Amino acid sequence: MRSKCEFICKYCQRRFTKPYNLMIHERTHKSPELTFSCEVCGKSFKRQDNLKQHSVFKIVIGMAKFNALAFKT
Ligand SMILES: [Zn+2]
Ligand SMILES: [Zn+2]
């Protein structure tokens, strides 16, 4: 079966379905000084907003896990 993901980043081999997305993504490799990386998992973001969103998402996941544990006991 052939994959729809035809556009592959030459820096990290991440796949994209649209050339536009690849172009935006590759930009993050070219200007590392403009990226913000997560201190927890090392994932990098183009914008500080995106990193903030990522961090908030982690907190939500963490809380969900905490709630699941609380229900178990
Ligand atoms: Zn890449
Ligand atoms: Zn992270």
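The values are calculated or read from the model by the stated rules, or taken from the named source; none is laboratory data. This one's a predicted model, so the numbers in the text were calculated from it and none came from an experiment. Methodologically, a virtual Cβ is constructed for each residue, glycine included, from the backbone with ideal geometry; neighbour enumeration extends over all protein chains shown.
For residues in the range 38-55 being hydrophobic (A, V, I, L, M, F, W, C) and exposed (fewer than 10 other Cβ atoms within 10 Å of the Cβ), which is nearest to Arg27 (Cα to Cα)?
Per the criteria, the residue is Cys41.
Any idea which residue in the range 1-27 is farthest from Phe45 (Cα to Cα), counting only those that are among the hydroxyl-bearing types (Ser, Thr, Tyr) and modelled with pLDDT of 90 or more?
Looking at residues that are among the hydroxyl-bearing types (Ser, Thr, Tyr) and modelled with pLDDT of 90 or more, I get Thr17.
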